[in-house]
1. Using heavy-atom solvent-accessible surface (probe 1.4 Å) with all chains present, what is the largest-first order of Cys493, Cys82, Cys416?
2. Rounded, prolate or oblate: which fits segment 401-444 when a ≥ b ≥ c are the square roots of the eigenvalues of the alpha-carbon gyration tensor, with rounded for a/c under 1.5 and prolate only if a/b beats b/c?
3. Tell me the carbon and sulfur percent of the accessible area for segment 232-357, rounded to whole percent, probe radius 1.4 Å.
4. State, to one decimal in nm, how far the label point of Val141 lies from the label point of Phe296, with both points 7 Å from Cα in the Cβ direction.
5. How much length, in nm to one decimal, is gained on full extension between His269 and Asn242, taken as 0.36 nm per residue of separation minus their Cα-Cα distance?
6. Would you kindly state how much longer the chain becomes between Glu110 and Cys431 on full extension, computed as 0.36 nm times their sequence separation minus their alpha carbon distance, in nm to one decimal?
7. Subtract the Cα-Cα distance of Cys82 and Leu186 from 0.36 nm times their separation in residues, and report this length gain in nm to one decimal.
8. Would you mind computing Rg(Cα) / (2.2 N^0.38 Å) for segment 352-410, counting N as its residues?
Amino acid sequence: LAQAASWWGALPFQGELGLCSIGFVSFSSSPSKFAGAAATPRIAPMERLLADEDGGPMHYEKTMGSSLQEVGGWWAGVCFPCMKKQANQALVDIVKAVGEDFEQDMLFEEKEYSIFYGMREASTEMVELEYTDKDEGKDGVVYSLAKSEEMQQKARERFAELYLPIIPMGLVLYGLTLGGGFISGLACDCNDGPLPFFFVLPAIAICLEIWMLNKITLLMSSTEIEGRPMLRLLKYLSGLDNYQVMVVLNILDIFSRFTRAQFVGYVFHCHDAINGPFVEIWENSDSRMFAPIMEFTGIHGLAVFSFLLGPIVVQFGYMLFLKNKLDTEMEDAKKAEPGKPMKIVDSIDDLGALMNWGMLNPAGKVLHLAAVPVNLDERDDIERLWDRMKTEVMVVLARDLPDGVMQMTLQAWFLCVVFPGIDGPTRAMLCVNILLASVGCLADAFDLISMNRRVTVAAGFFLLMLLSFGFIRTAGAFTCDSSIVGVSFRLHCLPNDLIHGRGNWTSGTLPG
């Protein structure tokens, strides 16, 4: 729900209305860390970014959009020309907001942050991840080779401390939430619902998640990336993205995952009264050619297929992809010539994506900001913005397709099949489940579309298209006499007398 409430502030045209532009705050320039600091941060593009509102030092020959398209090709181009300026300005604004700012950095140099105690004096040494090479150290200092090697070793160790616990903890959390939810659905009584004992599992998962998230948060707050304390990025987050708020939302997300998995187990266990009407719907629709397949799998087979395809194939597949990439980048950093750049910054967006997979979303959000370059001096900085954008698309699709779209569609099917035999409160509960399964996907879809790049807009509309099928089926449960919309691209209600054996669910208490 919080995601849905925040998407309005992410629309690119808000800048024209005097509101927020892509959710970024206005920027007050501050002295640069480097010699010759000016009144504005060093934001110089490959050739030209975007003219500043005051006609200041950002007048160059090319726009941010054309520079980004040079790096990313056709997919990086603007999709809606009428909102091109807002989309380009948003990228410049985020670099201004979280980029180079010496005064802001100094406020967090000697601090650390705990979920339980908030910001306090640092108890561990601050470690820089990127500015460790001999020729260009932090604040432009030139290090000796010995000092550079020492800092690079600390940087590798700190990156490993952030990276290595994620996958083991993620596997435990997935086992408790998805595995435990599925088993509790299998073990429940079809009329009385799940046993209360099983709700101990998400409680354990929440305790472990908070413990690990606090550990990661303390490490991040004692870490710098390109001279920026990550604590500064953490404190930059506000409103619904406030770190403590995100921790609460993350707890709710863990419980939601458990109940969705529980629903899959419930449908697999209590499908006898559903399969007959489910197959008849396909037999009497324009898509009747698929009826034999549906008869073979049943709605319980589709539920298990979505469960296996989603968390196990898609999400675990993406996790393995990120693991392989991060392992390779860590190995390259170890092999880097002493005193030379290790390019750890290129791994930050992937580390944030892995945090999101491991149900550590607040930490992932901070790392997503850390992937923003401190300035836009060269082509590598534009490439980082493009890689950050692609990573965000991959994270959204890997999370929403299996965990949102599939679950929402499955529950919409269940609702329309059992609709005549359930009472008002049960109908309302199923509708709430459908809303909760889809609201995050809707927010992500609008967020991607608001970025106004062809790759993000395509992914956003793809999500909306898939969600529309579930929404139409849910609306049909209330508007059709039969409560069923035919399976086709032609919107029509099935006649009431075509579907038989709908079952009596009035005494049932459905899980989730």
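1. Sorted descending by solvent-accessible area, the residues read Cys82, Cys493, Cys416.
2. The shape class here is oblate.
3. Reported share for carbon and sulfur atoms: 64 percent.
4. 6.8
5. Gain on extension, His269 to Asn242, equals 5.7 nm.
6. Length gained, Glu110 through Cys431: 110.7 nm.
7. Gain on extension, Cys82 to Leu186, equals 32.2 nm.
8. Relative to the rule-of-thumb radius for its length, segment 352-410 sits at 1.35.
The values are calculated or read from the model by the stated rules, or taken from the named source; none is laboratory data. Every value quoted in this text rests on a predicted model; they were computed, and no experiment measured them. No Cβ is skipped: glycine too gets one built from the backbone with ideal geometry, and neighbour counts run over all protein chains shown. Each accessible area value is taken on the protein alone, full model and side chains, heavy atoms only, with ligands, DNA and RNA left out. Shrake-Rupley method; radii C 1.70, N 1.55, O 1.52, S 1.80 Å.
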